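**Q** Before we start, here is the structure in question, set down as structure tokens.
Each value in this text was obtained by applying a stated rule to the coordinates, not by laboratory testing. This one's a predicted model, so the numbers in the text were calculated from it and none came from an experiment. Please note: Cβ atoms are built from the backbone with ideal geometry, for glycine as well, and neighbour counts cover all protein chains shown.
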Amino acid sequence: MDLPLEGDTDDRVPPSSQRRTLRDRPMVLIGERHEWMARSLASVIAPRGYDIFHAFTADDILQETRQRMPDVIVLGAKLPGRDCVEICRDLRRIAEIGPVTPIVVLTSLQVSQAERLEFLEAGAWDCISFPEQVPELLVKVQTFAQAKATAERGLREGLLDPETGLYNLRGLLRRARDESAEAWRYSTPLACVTLSPDPESEQRLLEDQDMELKLVRRVSETLRSEMRSSDVLARLGRLHFGVLAPSTDGVGASIFARRLIEVFDMMLESDPLIPDHPIVFQAGCYGVQDIRKEGLDAEKMVRRANTALKRARTEGPGRRVEPYREDRLAS
């Protein structure tokens, strides 16, 4: 559970970031079997500043994706030739797409929670009802396109985890330096929370690659959907995650950590992954009201949150949230 040094992180860059072609406008692929539906979608998305292209079958979607490398993929839930869940999985296997290209699935009917989870686990970023949720779709396309651009820049610079698109440790520390400089300038609060499953659950998950990948996908999707846009999300290890929370002090960090734990508990309630063994997430947290007054740097904040998490894991799964405190280090 020790955080590695910055030089220990993986500098490999996926092919997608090496082969990215320059273009003036973000590109959206619409995969929809009905031409009238594809045109309807294009008519609301294109005026927002996007280049649009269409694909009407599963094979066309995969071929066009490899050739054009879209910034956002919008898929109809019913496509000829292949189930949409399978298409999402196939898209995620394409090196040019990986985890950082947003996929939005559109449905004409209300989907159940189980169906939505199936899409998310297959690699979709969201599932939206069309045409009822057109304003939400437009906001999501804009937000996701911006996230894709940031992700590609981060991958080129070796700042992102290639499996989830979240920041890696190096990326978190880079962003932490930026956020701490801002907090130092304006004397504002800053906090960090790190999380992982309890040691027994972690050991079992690491022995089963499919279960590990399933949990990682669920956690990364939950973090994206539940956290504020200002929060910095990171995967610090195989099952170790971190969140940097601007404008959050020490008390707020504890509240923030408990809310994250509750969200993860709810996420795992319907599918515990490990039979007869609930996965218990634990968190360590550290926050300050005035980073300038404390005289801290970004790396120290992250390491203090991780030190608190290590203590929680040592004391057992009953210790769900552990704030960092100097007086507990010697005890």
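**Q** Evaluate the range 113-194: find the radius of gyration of its Cα atoms, find its Kirkwood radius, and give the ratio Rg to Rh. Write down the numbers at each step before the final one.
**A** Details: Rg = 16.6 Å, Rh = 15.4 Å.
Radius of gyration over Kirkwood radius for the range 113-194 works out to 1.08.
**Q** Ok, one more. Rank Ala151, Ala58, Ala257 by mean-square fluctuation in a GNM of the chain with C-alpha springs under 10 angstrom and give only the top-ranked residue.
**A** Looking only at Ala151, Ala58, Ala257, the largest GNM fluctuation is found for Ala58.
**Q** So which lysines pass the test for Lys78, namely a Cα distance under 27 Å, with those fewer than 8 places away in the same chain ruled out?
**A** Lys140, Lys148, Lys214
**Q** What does the extension gain come out to for Glu315 and Val251, with contour length at 0.36 nm per residue minus their alpha carbon separation? Let's see the in-between values first.
**A** Values: separation 64, 0.36 × 64 = 23.04 nm, distance 2.14 nm.
That pair, Glu315 and Val251, stretches by 20.9 nm at full extension.
**Q** For the range 15-155, what Kirkwood radius comes out of the mean inverse Cα-Cα distance, in Å? Walk me through the numbers on the way to the answer.
**A** Details: mean 1/r = 0.0672 Å⁻¹.
The Cα-based Kirkwood calculation yields 14.9 Å.
**Q** When Phe281, Phe119 are ordered from fewest to most other Cβ atoms inside 10 Å of their Cβ, what list results? Write out the running numbers ahead of the final one.
**A** On the way: Phe281 25, Phe119 22.
In increasing order of surrounding Cβ atoms, one gets Phe119, Phe281.
**Q** Let me understand the range 159-328 better: what is its radius of gyration from the alpha carbons, and its Dmax, in angstrom?
**A** That works out to 15.4, 50 Å for Rg and Dmax.
**Q** Let me ask another. Would you mind calculating the gained length between Trp36 and Arg204 on full extension (0.36 nm times residue separation, minus the Cα-Cα distance), in nm to one decimal? Walk me through the numbers before you get to the answer.
**A** Details: separation 168, 0.36 × 168 = 60.48 nm, distance 4.90 nm.
Gain on stretching Trp36 to Arg204: 55.6 nm.
**Q** Okay, next question. For the range 124-248, what ratio Rg/Rh do Cα atoms give with a Kirkwood hydrodynamic radius?
**A** Details: Rg = 16.1 Å, Rh = 16.0 Å.
With Rh from the inverse mean 1/r over Cα pairs, Rg/Rh is 1.01.
**Q** Follow-up question, since we're still on this one. Of the peptides 38-44, 122-128, how do they stack up when ordered by the mean number of other Cβ atoms within 10 Å, highest first? List each step's numbers first, then the result.
**A** Numbers: 38-44: 16.4, 122-128: 21.9.
Output ranking for 38-44, 122-128: 122-128, 38-44.
**Q** Let me ask another. Can you give the Kirkwood hydrodynamic radius for the chain, in Å, rounded to one decimal and based on Cα pairs?
**A** Evaluated over the chain, this radius sits at 20.9 Å.
**Q** What are the extents of the Cα atoms of the range 250-331 along their three principal axes, listed from largest to smallest and rounded to whole Å?
**A** Taking the Cα atoms of the range 250-331, the three principal extents are 47, 25, 19 Å.
**Q** Moving on. Using Cα positions and a limit of under 27 Å, work out the lysines in reach of Lys300, with same-chain residues fewer than 8 apart set aside.
**A** Reachable lysines: Lys310.
**Q** Can you put Met267, Met211 in order of Cβ neighbours within 10 angstrom, beginning with the fewest? Each step should come with its number before you reach the end.
**A** On the way: Met267 18, Met211 15.
Exposure proxy ranking, most exposed first: Met211, Met267.
**Q** While we're here: Placing +1 at every Lys and Arg Cβ and -1 at every Asp and Glu Cβ, with all other atoms neutral, what dipole size does the range 159-328 have around its Cα centre, in debye to the nearest 20? Can you show the working numbers first?
**A** Working: 27 positive and 29 negative charges, 136 e Å.
Its charge dipole is roughly 660 debye.
**Q** May I ask you to compute the full-extension gain from Asp271 to Ser112, defined as 0.36 nm times their residue separation minus their alpha-carbon distance, rounded to one decimal in nm? Intermediate results must be reported in sequence, preceding the final value.
**A** On the way: separation 159, 0.36 × 159 = 57.24 nm, distance 1.47 nm.
Result for the pair: 55.8 nm of gain on full extension.
**Q** Could you put Thr101, Thr314, Thr222 in order, starting from the residue whose Cβ has the fewest other Cβ atoms within 10 Å?
**A** On the way: Thr101 26, Thr314 11, Thr222 18.
Sorted ascending by nearby Cβ count, the order is Thr314, Thr222, Thr101.
**Q** Counting only helical runs of four or more DSSP H residues, what would the 222 nm mean residue ellipticity of the chain come to if each run contributes -39,500 (n - 2.57) and the total is spread over all its residues?
**A** Working: 12 runs with 154 residues, N = 331.
Mean residue ellipticity, 222 nm, calculated: -14500 deg cm²/dmol.
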